[in-house]
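**Q** Can you read through this structure? Questions will come right after.
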């Protein structure tokens, strides 16, 4: 969800982000998608092959623009990947596969097209591009991050956004999983050379470690606020949202309620509040 740091609200979204990554911004801005969905075109310098991550919405002009930009750079799109199955990232994948003749690979079988699945720990090589698959569930159960080690970058989908914070999409998303995923990204940033976040929405973040630290601190703060709200008498997720997210744009309250449900479930599982049912 938007409305909070990190990220500069004035930062330009789209364009060359690293030597191997070009962001093509989809025309679907909203309170939930920020400036729009970031479609990523990746290629090893000197190679004629490219990978596309998250074709985005079913918007013919956007899909053809991604293809045109690849062709302008002398690249043939060889593979399409999804960070997760939410429609703003995946809805255009089937049409994009038609335009490019590529397979679509994802963790969730429902979003694969003519391809084997993806799992954490896989290493992909497309024209010399070294791309590694990292399982980062929590926002959704099928959320993946793609590690681009030669650029010191991670493509995080909705797990870490370029501006604001994301939701835990309960019941599919689970807070415990999400916290584990953030801790894994923290280790990658602190010990394995990851410097840059290439997010699914919003601007590129040049301080990966700082961004993940912020996310972990934010989640801890929100969890404490939810616990306090329950202790103060809030008995439904909607009541908690009205108290805890009072300073957040009301257009985001439905998403906030999903996150609150995930937080309540987490607190119940850990014996920190009574069962709310």
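The values are calculated or read from the model by the stated rules, or taken from the named source; none is laboratory data. It should be emphasised that the depicted structure is a prediction, and the values quoted were computed from it without experimental measurement. Reconstructed Cβ throughout: ideal geometry from the backbone, glycine too, with neighbour counts over all protein chains shown.
**Q** For region 260-273, which positions are touching a residue at least 12 places away in the same chain (Cβ under 8 Å) and more than 9 Å from residue 174 (Cα to Cα)?
**A** 260, 261, 264, 267, 269, 272, 273
**Q** Can you find a residue in region 172-190 that is in a loop (DSSP other than H, G, I, E, B), without any contact (Cβ under 8 Å) to a residue 40 or more places away in the chain and farther than 30 Å from residue 54 by Cα?
**A** no
**Q** Sort out which residues of region 14-40 are surrounded by fewer than 21 Cβ atoms within 10 Å (Cβ to Cβ), touching a helix residue (DSSP H, G or I) at 6+ places or on another chain (Cβ under 6 Å) and part of a strand (DSSP E or B), and write them in order of number.
**A** 18 - this is the single residue of region 14-40 that is surrounded by fewer than 21 Cβ atoms within 10 Å (Cβ to Cβ), touching a helix residue (DSSP H, G or I) at 6+ places or on another chain (Cβ under 6 Å) and part of a strand (DSSP E or B).
**Q** Within region 191-204, can one find any residue that is out of contact with any helix residue (DSSP H, G or I) (no Cβ under 9 Å at 6 or more places or on another chain), without any contact (Cβ under 8 Å) to a residue 12 or more places away in the chain and part of a loop (DSSP other than H, G, I, E, B)?
**A** no
**Q** Same structure, new question: Given the residues 150, 88, which is the only one that is in contact with a strand residue (DSSP E or B) (Cβ under 8 Å, 6 or more places away or on another chain), farther than 24 Å from residue 191 by Cα, modelled with pLDDT of 95 or more and assigned to a helix (DSSP H, G or I)? Steps first, answer last, please.
**A** Working: 150 fails: farther than 24 Å from residue 191 by Cα.
None of the other options fit; the residue is 88.
**Q** If you don't mind, there's one more thing I want to ask. Residue under question is residue 272, and the condition is that it be in contact with a helix residue (DSSP H, G or I) (Cβ under 9 Å, 6 or more places away or on another chain), at pLDDT below 95 and either assigned to a helix (DSSP H, G or I) or under 20 Å from residue 178 (Cβ atoms) (or both); does it hold?
**A** yes
**Q** Which one is surrounded by the most Cβ atoms within 10 Å (Cβ to Cβ) among residues in region 101-144 that are without any contact (Cβ under 8 Å) to a residue 12 or more places away in the chain and under 21 Å from residue 78 (Cβ atoms)?
**A** 112
**Q** Filter region 41-51 for residues that are closer than 15 Å to residue 67 by Cα and part of a loop (DSSP other than H, G, I, E, B) and give the result.
**A** 43, 48
**Q** Now a separate question. Taking the stated definitions as given, is residue 248 crowded, with 22+ Cβ neighbours inside 10 Å and either touching a helix residue (DSSP H, G or I) at 6+ places or on another chain (Cβ under 6 Å) or over 26 Å from residue 55 (Cβ atoms) (or both)?
**A** no
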